[in-house]
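Contents: one structure, followed by commentary.
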Amino acid sequence: MRFQAFWRAALLAAVLGALPRAFAQGLPDLGDTSGAALPPLLERRIGESIMRDIRLHDPSYLDDPELSDYLNQIGGRLAAAVPGARQDFEFFGLRDASINAFALPGGFIGVRSGLLTASETESEVASVLSHEIAHVTQRHIARLLGAQQQMQLPTMVAIAAALLLGRSRPELMGGAIAAAQGAAVAGQLSYSRDFEREADRVGFQTLAASGFDVRAMALFFEKMQRYTRIIDDGSMPSYLRSHPVTTERIADVQNRAAAEPYRQHASSLEYQLVRAKLRSDVGDAREAVVHFAGVVRDGRHASEAAARYGLANAQLRAKAPAEAQTEVARLRAAGATSWMIETLDARVRLALGDGAGALAVLKAANARHPNRRPVLYAYVGTLLDLGRPQEALALLAEPLRLYPRDSHLHEARAKAYAAQGKRLLQHQALAEVYVLYGSLPAAIEQLQMAQTAGDGNFYELSTVDARLKELRAEHAREMQDARKR
């Protein structure tokens, strides 16, 4: 896939750009996570750099607040079960049919849409996420880079990128192998296979501690094995694979599961709705309508509510909001309750021109689900669409205090100020959006525009000046560090 090469290049550039020169000259030999060559703060910086490029340039990146909310809910539950974990995690989705997920430095975990749509239970998704969380908590990227200090740093990073980001596609190893030192590669591949086994073991423990069905891990490994057979013609020798042999992993996890008491975990409605949304958002809208209509008609579903949700979402895409409204009404009549149904209802009402009705739905949903930021985003967005920016700003005040690193909230505030004609405050809010995107030059430019807006009071101008001075100093440090490398 085109974005996998992009990620490998991004990781290489990020590491080479973030590592100080002294760091590259002498990497310590490491045997455990406590002495990893890459300090946690530097790992986070590298991850943030890669994420900035993915958000801005990768067309497969899914900027879907509802998907992100679900992934971070289930991922947060798993991370909370890891003893002594002090790592912040951020889970995000990508539009790709591959059945896998991957971990980036610093706790960023990408989930391909194919993983969710191919899964049959929430525990299967949790099993893959727990495996990726283990890669992060066990600091495998740092340990991989420190495993052979005699290697040249670019070679080490290229191998790390290829192995950790291309695990689901064994054929991607060819490029890394051709570009790297042959003798070192064999050792690093073996080291990566050990990492996969460790991630299976630690991930299994996390899955059990989180209350999910541990048998799901082996079941999903079998799905991945079937998928790998489709994309791999078997020409690559087993010793050049980053995974252990899949049958060995399945057997090992099955043995672990056999020793655990049986625990059934019912998949949440949100899990079913997210899968339905992903499926109904793909391809031609009318074909999606026909598909979900057939699923509902024939009863070929694990959740009728999710099937109807998918049908309504597809009808909305196909510009048939009246039909979508009928499906939403049937959902409500059947007693299905979820904040995702509320946001769908609001989108349908907006498509029908019923802004007041959409606002009423979202206001009630926000009161019932105060911690669901996608509901808040939709509520604020509807207020802005209806020309009520002052109410939107009042609604944003507390969430911005609680979540100062939420770019969606800062962007909504910028739109509200723009609607009021408050140019200084608009540019000031946009500057924070660019800071969170990792683009300091753009943030500095916005603050310079705020200085010359001509509508700020003394306090507002002083705040802008202070923030501008801070960002210029930070940018100067970054440029100085870059010149030293």
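The values are calculated or read from the model by the stated rules, or taken from the named source; none is laboratory data. Since the model is a prediction, treat every value here as computed from it, not as a measurement. Don't worry about glycine lacking a Cβ; one is built from the backbone with ideal geometry, like all the others, and counts go over all protein chains shown. Ligands, DNA and RNA are excluded from the accessible area calculation, which covers all protein heavy atoms including side chains. Shrake-Rupley method; radii C 1.70, N 1.55, O 1.52, S 1.80 Å.
Filtered by the rule that a residue be open to solvent by 10 Å² or more (accessible area, probe 1.4 Å) and part of a helix (DSSP H, G or I), the range 93-123 gives S113, T117, A118, E122. Between V253, V289, the distinction of being within 21 Å of I74 (Cβ to Cβ) and of a type outside the set (K, R) belongs to V253 only. Of the set (1) open to solvent by 30 Å² or more (accessible area, probe 1.4 Å); (2) at pLDDT below 90, all apply to K223 but (1).
Could you please find all residues in the range 53-88 being more than 22 Å from L278 (Cβ to Cβ) and assigned to a loop (DSSP other than H, G, I, E, B)? Scanning the range 53-88 gives A81, V82, P83, G84, A85, R86, Q87, D88. Checking each residue in the range 455-480 for being modelled with pLDDT of 95 or more and assigned to a loop (DSSP other than H, G, I, E, B) picks out D455, N457. Within the range 315-336, restricting attention to residues that are in contact with an Asp or Glu (Cβ under 8 Å, 6 or more places away or on another chain) and within 11 Å of V289 (Cβ to Cβ), the residue that is surrounded by the fewest Cβ atoms within 10 Å (Cβ to Cβ) is R317.
A367 - would you say it is assigned to a helix (DSSP H, G or I), among the small types (G, A, S) and open to solvent by less than 50 Å² (accessible area, probe 1.4 Å)? The answer is no for A367.
Confirm whether H301 is assigned to a helix (DSSP H, G or I) and farther than 22 Å from V111 by Cβ. When the stated conditions are applied, H301 does not pass them.
Per-residue answers, yes or no, for (1) open to solvent by 50 Å² or more (accessible area, probe 1.4 Å); (2) modelled with pLDDT of 95 or more; (3) within 22 Å of F220 (Cβ to Cβ):
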| site | (1), (2), (3) |
| --- | --- |
| D252 | yes, no, yes |
| V282 | yes, no, yes |
| R286 | yes, yes, no |
| S303 | no, no, yes |
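Output the residues belonging to the range 337-360 that are of a type in the set (A, V, I, L, M, F, W, C) and open to solvent by less than 20 Å² (accessible area, probe 1.4 Å). Of everything in the range 337-360, those that are of a type in the set (A, V, I, L, M, F, W, C) and open to solvent by less than 20 Å² (accessible area, probe 1.4 Å) turn out to be W339, M340, I341, L344, A346, V348, A358, L359. Please determine whether any residue of the range 286-296 is within 26 Å of F92 (Cα to Cα) and not in a helix (DSSP H, G or I). Checked the range 286-296: no residue is within 26 Å of F92 (Cα to Cα) and not in a helix (DSSP H, G or I).
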